[in-house]
Every structure is written in structure tokens, then in C-alpha cells.
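Nothing in this text is a laboratory measurement; each read-out follows from the coordinates by a stated rule. Predicted, not measured: the structure shown is a model, and the values here were computed from it. All Cβ positions, glycine included, derive from the backbone under ideal geometry; neighbour counts span all protein chains shown.
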Amino acid sequence: MDERVRVVIDGEPLTVPAFTTVAAAVAMRGVGGTRRSVTGEPRAALCGMGVCHECRVTVDGRAHVLGCQTLCRDGLSIETMR
């Protein structure tokens, strides 16, 4: 399983193993948070199974996608709310 895919996170390319979740790719990129709370605090994946909704990102222009439940595919564009 050496297949890799290329994604773009906040305008920066990243190559990850196939079947990597978006939340994992964001963490690999070193992004400290995927969104901000209403008080401005950075938030990031917490539960890893879609319950907490802290991993929400914009994927290919679609807002509020759960990064922990979305698999990376070649050419995927991911935007965090840094």
C-alpha cells in the first residue's frame, strides 16, 4: 500500500498516504487548529469519530465538512479557519 495522494491545505501542497483522513492530513501539515470557537480560540479534532464536530474544515469549497470522517483523495483542497 504505497499509494500516495496530493492534497492542498490552506494553499500548501502535501502528499499523504492514500486513505488518510483530512483531520490526519491537517495534523501532519502542522496546522494548530481547523477552526476558531465563537470566542476566537483555536479548535481541532478531538474525538476522531464525528461526534464533537471540532474538526470542521472547508473541502473543495464545501464548508463544515468533518475532517475526521473524510478521506483524502488526489487534488483535494482543504481550507482551515485559522
For the charge dipole of the chain, defined by +1 on Lys and Arg C-beta atoms and -1 on Asp and Glu C-beta atoms about the Cα centroid, which residue among 11, 37, 80 has the Cα displaced farthest towards the positive pole? 37
Test of understanding: ordering 37, 77 by Cβ neighbours within 10 Å, fewest first, what list do you get? 37, 77
What does the helix-only formula give at 222 nm for the chain: each DSSP H stretch with n ≥ 4 adding -39500 (n - 2.57), the total divided by the residues, and the result rounded to the nearest 500 deg cm²/dmol? -2500 deg cm²/dmol
How far is it, in nm, from the label point at residue 6 to the one at residue 51 when both lie 7 Å from their Cα along the line to the Cβ? 3.9 nm
Taking 8 Å as the Cα distance limit and 6 or more residues as the minimum spacing, I'd like the relative contact order of the chain as a percentage. 37 percent
Using the basic label-point model (7 angstrom from Cα toward the beta carbon), what is the residue 19 to residue 36 distance in nanometres? 3.8 nm
Report, in debye and to the nearest 20, how large the dipole of the chain comes out about its Cα centre when Lys and Arg carry +1 and Asp and Glu carry -1 on their Cβ. 200 debye
